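A short write-up of the structure that comes next.
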Amino acid sequence: MLLSDSKCGDKIKIKDFIGEDIILRKIEAMGLRKGDTFEILRIWGRNFLLKNGIGKIVVSSSIAKNIEVELIGKSTKGCVCKGCRRRWGWFKF
């Protein structure tokens, strides 16, 4: 499974990096390593907000297509993404 296929609230573990050498260097410069675990906090358009302990990082979808992940679990908290929230009536939160 790729990071770009993940959903908001998923807890993931990085298994492998796929792609060209230039992209792999970008991923390593961001501080992502094999075996790191993250929680996907939000998905903003083409960007993924990941949380690792107390640190947060934003990964674009073009880079997320090159990261192979393993699904560990789902978050018990409700999703706060704009696209995931239910809306009704005139009240749009």
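Read-outs throughout are calculated quantities, based only on the coordinates presented, and are distinct from any laboratory measurement. All figures in this text were calculated on a predicted structure; none of them were measured in a lab. Backbone-built Cβ (ideal geometry, glycine too); neighbour counts: all protein chains shown.
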Residues in region 2-23 reached by a label modelled at residue 33 [backbone nitrogen below 17 Å; 7 Å Cα→Cβ]: 13-17
Which part of region 1-39 falls in the paramagnetic zone of residue 54, meaning amide N under 18 Å from the point 7 Å along Cα-to-beta-carbon? 37-39
